[in-house]
1. Sort 88-99, 178-189 by the packing proxy (mean of other Cβ within 10 Å over each peptide's residues), most packed first.
2. Would you pull out the residues with amide H under 5 Å of LYS141's amide H, same chain only if 5 or more places away, H placed 1.01 Å from N?
3. Non-local amide H neighbours of LYS61 (under 5 Å, H modeled in plane, Pro and chain starts lacking H): which ones?
4. Using each residue's phi in segment 133-148, evaluate 6.51 cos²θ - 1.76 cosθ + 1.60 at θ = phi - 60° and report the 3J(HN,Hα) Karplus result to the nearest Hz, with x for Gly and Pro.
5. Once phi is turned into θ = phi - 60°, what whole-Hz ³J(HN,Hα) does the Karplus curve with 6.51, -1.76 and 1.60 give for every residue of segment 170-186, x standing for Gly and Pro?
6. Check ALA105: other-chain or 5+ apart residues with amide H under 5 Å from its amide H, H built from backbone geometry?
7. Can you give the Kirkwood hydrodynamic radius for segment 43-92, in Å, rounded to one decimal and based on Cα pairs?
8. Quick one: check the C-alpha center-to-center distance for segment 38-81 versus segment 154-168, whole angstrom.
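We did not get these values from a lab; they are worked out from the coordinates using the rules stated. This one's a predicted model, so the numbers in the text were calculated from it and none came from an experiment. We place every Cβ from the backbone using ideal geometry, glycine too, and count neighbours over all the protein chains shown.
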Amino acid sequence: MNIFIRILYVGMTLLILLITACTSDSKKEESKTAEASIEQIVKRGEYLVNSIGCDDCHSPKAFGPRGPEIISELRFSGYTAGKELPKINKGELQNWALFSHDLTAAVGPWGVSFAGNISSDETGIGLWTEEQFIKAIRFGKFKGMDGARQLLPPMPWPVYRNMTDEDLKAIFAYLKTTKPVRNIVPAPIAMNEIKD
């Protein structure tokens with residue numbers, strides 16, 4: 001009987017070791033699959049961000065030989081805090097919308113709006129949840145918060161809201177991997193607050 005118990009004990013130990021090894025290998029494979037899936041989602045987000053033109057408004061630019069060129073160290077940081085706007089002739093705004101030279105600010109009948117910081121910094125979307133990002137795009141809500149003001153022109157959220165949840169999640173995943181750029185974008189300026 002004593003030998004039987006020893007054989008049973010050795011057998012059980014081997015079985016436990018075998019199960020542990022198989023489970024460990026399985027977990028490693030699941031982890032690799034999850035990492036590959038996340039990488040694919042981020043790549044899809046990068047493709048979408050580059051395709052739909054997020055840089056056009058959200059990245060400061062300098063004029064180079066080919067016109068406006070993105071300032072790479074400021075990519076996705078929005079309108080640069082502290083930068084002065086050129087003089088605005090309110091009389092022209094009844095029939096026009098105008099952009100700043102780097103396209104990060106716009107002025108029109110709604111007043112002045114500034115492109116937001118969508119870098120991964122906490123002054124951008126670094127502290128946002130995926131749900132906030134989707135709400136901002138789907139419903140045009142500032143910072144994706146209930147009760148917040150609407151996103152202002154020229155942000156084309158009424159077009160982007162038609163994107164799938166998967167695409168919006170991919171865009172958010174990619175933006176969260178971008179270089180954080182600290183920049184607190186100024187608040188919009190209402191039409192009656194614009195100085196001539």
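1. On the way: 88-99: 12.6, 178-189: 16.7.
Ranked from most to least packed, the peptides come out as 178-189, 88-99.
2. Hits under the 5 Å cutoff: ALA136, LEU151.
3. Close amide H contacts, sequence-distant or interchain: ILE71.
4. 4, 5, 5, 4, 7, 5, 10, x, 9, 4, 6, x, 10, 4, x, 7
5. Residue by residue, segment 170-186 yields 5, 4, 4, 4, 5, 4, 5, 9, 6, 5, x, 10, 6, 6, 8, 6, x Hz.
6. SER100, ALA115
7. Details: mean 1/r = 0.0781 Å⁻¹.
Over segment 43-92, the inverse of the mean reciprocal pair distance is 12.8 Å.
8. Going from one Cα centre to the other spans 17 Å.
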